[in-house]
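First the structure, in the form of structure tokens, and then the observations on it.
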Amino acid sequence: MKNTALALALILISTLLLYTVAETQFAYTVSAQYSELVISIRNDGSIDPSTAPIQRQGDVYTLTSDVNCNTILIQRDNVVFDGANHTIELFGSFSLTDRENVTVKNAVIRAGLGICLSGSNNKIIGNTFHINATNAIAISYIGYKVTSGNIISGNIIELKNGSVVVDVFKALDTVISNNTIFTAEDSIQVLGGIIITSSHNTTVVGNSINAYATYGIAVLKYLDSSPQGEVLSSVVRANSIAGNYSYGVYSNCPNVDIVGNNITGELQKNPDSCGIMLRENSNNNIVSQNYVVNNGYGIYFQPFLNNLVEGILEFSVFENSFVNNTIQAKISMANCSINWDNDRRGNYWSDYVGEDADDDGIGEAPYIIDGENNDNYPLMAPFETLPSPEPQPKESFPTTLIAVSIALIAVAGIGVLVYFRKRKR
């Protein structure tokens with residue numbers, strides 16, 4: 001009898017807990033939609049209109065339901081806007097103009113134009129974007145004040161029929177990391193996944209890009225402009241770039257390190273695709289430890305504007321793997337000097353037919369690129385690099401609660417059974 005009562009009690013507890021989880025999940029995923037033309041967080045900290053579904057706790061502003069509006073304005077520094085996984089339908093944009101130390105996180109943004117950002121030390125993290133017109137995230141200078149130290153990280157971004165997923169113009173010290181970027185299946189060709197223009201010390205690392213785009217990642221110099229007179233530089237590292245792109249990584253900017261990227265074209269769709277394109281102004285670019293596969297051109301040095309750059313452009317290309325590209329490497333620049341090795345190791349070329357007589361992993365005969373360019377230390381096997389880091393999907397709250405609830409029920413049940421058995425004795 002006691003065992004029967006115990007079993008019924010445990011079943012009741014389990015049912016109540018799971019019912020609570022179900023109710024929590026329902027409340028977590030379904031919410032009413034609030035409509036307003038403009039929603040603002042004012043510079044005095046107030047919310048306008050006051051009826052907007054935003055809960056304030058100090059400097060943290062949390063969305064409490066889905067919203068539909070033309071524009072969201074953040075006019076206060078040092079605040080956190082937490083979307084709490086609610087959807088924001090925007091006909092205009094989410095504006096952070098001349099802001100300092102603002103974080104926007106956990107929002108689902110459906111818009112023509114996503115977030116427009118200028119200012120310093122702001123963070124756009126952990127959001128989901130569905131963009132259907134222009135840019136998902138645009139960072140740019142504001143003419144009289146430096147835009148610097150901004151972070152775009154851990155976002156999932158879908159672009160359809162738009163322009164650029166992440167667009168950075170004349171900014172300093174920007175970090176773009178661990179984002180998942182893709183174009184919709186029925187999208188027309190977009191301009192680019194990530195485009196960096198006339199910016200200094202930009203780090204693009206660990207992003208996963210699968211796009212129907214002209215550029216996967218592009219680092220550009222626009223005329224002679226640069227922020228605050230800084231020497232331009234960027235690092236493009238450990239990204240995974242795939243899809244029907246024209247250029248996987250494109251540079252016409254000096255001092256760019258292109259290192260450890262996985263660049264995979266769709267040769268059957270675009271026989272003229274280029275894994276890595278280096279053009280004029282791309283002096284002192286380092287290309288190393290990349291895996292470049294299935295493109296029309298693996299790496300291409302191509303002049304622009306009739307090769308008007310004066311002097312010699314210098315490049316270092318070593319420890320890359322060029323695999324099954326129609327043309328592994330092509331050099332059309334007349335004024336460039338390319339080091340195809342680091343004095344002891346060159347690159348892996350999948351069409352290399354030389355031998356490794358001394359079994360040191362380096363071919364005895366050079367790999368011939370053209371009449372003036374040879375890789376004197378060709379690798380016999382692809383260079384091994386660590387896989388590119390990719391953002392992991394977040395575990396939903398209800399799933400976690402279910403697991404914890406089951407564990408607690410099991411522990412409680414065992415404890416009660418042990419208790420009754422001891423009493424019987």
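Quick look at the values:
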read-out	value
Qualifying position, being among the basic types (Lys, Arg), at pLDDT 95 or above and surrounded by 15 or more Cβ atoms within 10 Å (Cβ to Cβ), among ARG76, ARG56	ARG76
Matching residues, region 168-178, being modelled with pLDDT of 95 or more and not aliphatic (A, V, I, L, M)	ASP173, THR174, SER177, ASN178
Filtered residues of region 131-170 (kept if closer than 19 Å to VAL104 by Cα and among the small types (Gly, Ala, Ser))	ALA136, ALA138, SER140, SER148, GLY149, SER153, GLY154
Some residue of region 364-379 being modelled with pLDDT of 95 or more, surrounded by fewer than 14 Cβ atoms within 10 Å (Cβ to Cβ) and not in a loop (DSSP other than H, G, I, E, B)	yes
Residues of region 152-189 satisfying the condition of being crowded, with 23+ Cβ neighbours inside 10 Å and of a type in the set (A, V, I, L, M, F, W, C)	ILE152, ILE157, LEU159, VAL164, VAL165, VAL166, VAL168, ALA171, ILE176, ILE181
Criterion (touching an Asp or Glu at 6+ places or on another chain (Cβ under 9 Å) and of a type in the set (Lys, Arg)) met by exactly one of LYS269, LYS330	LYS330
Residues that are under 17 Å from PRO254 (Cα atoms) and either crowded, with 24+ Cβ neighbours inside 10 Å or modelled with pLDDT under 95 (or both), drawn from region 202-217	THR202, VAL204, ILE217
Selection count, region 41-51, where residues are β-branched (Val, Ile, Thr) and either at pLDDT below 95 or closer than 17 Å to ASN101 by Cα (or both)	2
Some residue of region 25-40 being modelled with pLDDT under 50, surrounded by 12 or more Cβ atoms within 10 Å (Cβ to Cβ), touching a helix residue (DSSP H, G or I) at 6+ places or on another chain (Cβ under 8 Å) and not hydroxyl-bearing (Ser, Thr, Tyr)	yes
Failed item in (1) more than 16 Å from VAL175 (Cα to Cα); (2) surrounded by fewer than 21 Cβ atoms within 10 Å (Cβ to Cβ), with SER140 passing the rest	(1)
Condition met for LYS145 (over 25 Å from ASN320 (Cα atoms), surrounded by fewer than 24 Cβ atoms within 10 Å (Cβ to Cβ) and under 18 Å from the mean Cα position of the chain (by Cα))	no
In region 110-137, residue surrounded by the most Cβ atoms within 10 Å (Cβ to Cβ) [restricted to those that are modelled with pLDDT under 90 and not β-branched (Val, Ile, Thr)]	ASN135
Elements of type strands (runs of 3 or more DSSP E) in region 110-227, at least 1 residues being among the hydroxyl-bearing types (Ser, Thr, Tyr) and touching a residue at least 24 places away in the same chain (Cβ under 8 Å)	115-120, 128-131, 137-140, 151-153, 175-177, 180-183, 190-197, 200-205, 208-210, 213-220
Residue that is modelled with the lowest pLDDT, among those in region 322-363 that are small (Gly, Ala, Ser) and in a loop (DSSP other than H, G, I, E, B)	ALA334
Subset of region 185-224 [out of contact with any Phe, Trp or Tyr (no Cβ under 9 Å at 6 or more places or on another chain) and of a type outside the set (D, E, K, R)]	HIS200, ASN201, THR202, THR203, VAL204, VAL205, GLY206, ASN207, LEU223
Residue within region 61-72 that is modelled with pLDDT of 90 or more and either under 18 Å from THR147 (Cβ atoms) or outside the structural domain of SER148 (by TED's automatic domain parsing) (or both) present	no
Residue satisfying all of: in region 253-289; among the charged types (D, E, K, R) and either surrounded by fewer than 17 Cβ atoms within 10 Å (Cβ to Cβ) or outside any strand (DSSP E or B) (or both); nearest to the chain's Cα centre (by Cα) among these	GLU266
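The values are calculated or read from the model by the stated rules, or taken from the named source; none is laboratory data. Keep in mind that this is a model prediction, so the values were computed, not measured. Virtual Cβ from ideal backbone geometry, glycine too; neighbours counted across all protein chains shown.
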